[in-house]
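So the structure is just underneath, and the comments pick up after that.
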Amino acid sequence: MRTGIILLAAGGSTRLGRLKQLLEYQGKSLLYRAAETALASKSRPVIVVLGSSAEACAAVLQDLPVHIVVNEGWKEGLASSIRAGLAELEKEQTTVEAVILSVADQPQLTATLLDSLIEHHNTTGKKIVAAQYAGVSGPPALFCASLFRQLKTLRGDEGARRVLQANPDTVGLVPFPEGSLDVDTSEDFEKLRNSS
């Protein structure tokens, strides 16, 4: 199954107070690590949606073969970045049967986990396959092309969780306990650095 990845990295990191995409962890920025992880998976193309400080973020990625799209409306929230990523995917004129929505602030994400979302879909036929951690389901999550229209209706700061909730019978889950450690605050970043 041909699957693309949309890496959502447009936010302004208001809770952190500085741009989390450019925070360094083990010698690489969180954004670079996330893009590198996506590229190590079986999915293509890898589309990175930037917004806040797009120029600085794009500079970090210049040596990676990713498709960068700048979401000028990033202040609207996450939904606008999902729409921008899907629009870029369609513009690339690549026929994909599914897309994985991923984020830049899960530094312990691996290519193996991304590929396991596809494998779970292939095995079960589920139209949505989400990662599961800390009692919730969330990104990274795979959505079959038949759900792209629903993803495009999202507005404001709501992510794809509404689409998961609207289609409970079609959701498969892949355990990703490390996903509970994402970087939203300075405390999260300290916890991350102390965990390595």
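The values are calculated or read from the model by the stated rules, or taken from the named source; none is laboratory data. Computed from a prediction, not measured in an experiment: that's the story for all the values here. Every residue, glycine among them, receives a Cβ derived from its backbone with ideal geometry; neighbour counts consider all protein chains shown. Keep in mind that these areas ignore ligands, DNA and RNA; they rest on the heavy atoms of the full protein, side chains included. Shrake-Rupley method; radii C 1.70, N 1.55, O 1.52, S 1.80 Å.
Return the residue satisfying two criteria in turn: it lies in region 77-106 and is among the β-branched types (Val, Ile, Thr) and within 14 Å of the chain's Cα centre (by Cα), and of such residues it is nearest to residue 34 (Cα to Cα). Step by step, filter region 77-106, then rank; the result is 103.
Among the residues of region 154-169, not a single one is under 16 Å from residue 38 (Cα atoms) and either basic (Lys, Arg) or modelled with pLDDT of 95 or more (or both).
The residues of region 141-165 include none that are in contact with a Lys or Arg (Cβ under 6 Å, 6 or more places away or on another chain), open to solvent by 20 Å² or more (accessible area, probe 1.4 Å) and over 16 Å from residue 78 (Cα atoms). Looking only at region 32-52, which residues are surrounded by fewer than 24 Cβ atoms within 10 Å (Cβ to Cβ) and within 10 Å of residue 70 (Cα to Cα)? Answer for region 32-52, where residues must be surrounded by fewer than 24 Cβ atoms within 10 Å (Cβ to Cβ) and within 10 Å of residue 70 (Cα to Cα): 51, 52.
For every residue, the table says whether it meets (1) open to solvent by 20 Å² or more (accessible area, probe 1.4 Å); (2) among the β-branched types (Val, Ile, Thr); (3) in a strand (DSSP E or B).
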| position | (1), (2), (3) |
| --- | --- |
| 82 | no, yes, no |
| 89 | no, no, no |
| 95 | yes, yes, no |
| 112 | yes, yes, no |
| 126 | yes, no, no |
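Picking from residues in region 65-77 that are in a loop (DSSP other than H, G, I, E, B) and not polar (S, T, N, Q), the one that is surrounded by the most Cβ atoms within 10 Å (Cβ to Cβ) is 66. In this entry, residue 119 is excluded by the filter for residues that are within 30 Å of residue 27 (Cα to Cα) and free of Cβ contacts under 8 Å to residues at least 12 places away in the same chain.
For region 55-64, the count of residues that are in contact (Cβ under 8 Å) with a residue 40 or more places away in the chain, more than 20 Å from residue 172 (Cα to Cα) and not in a strand (DSSP E or B) is at least one.
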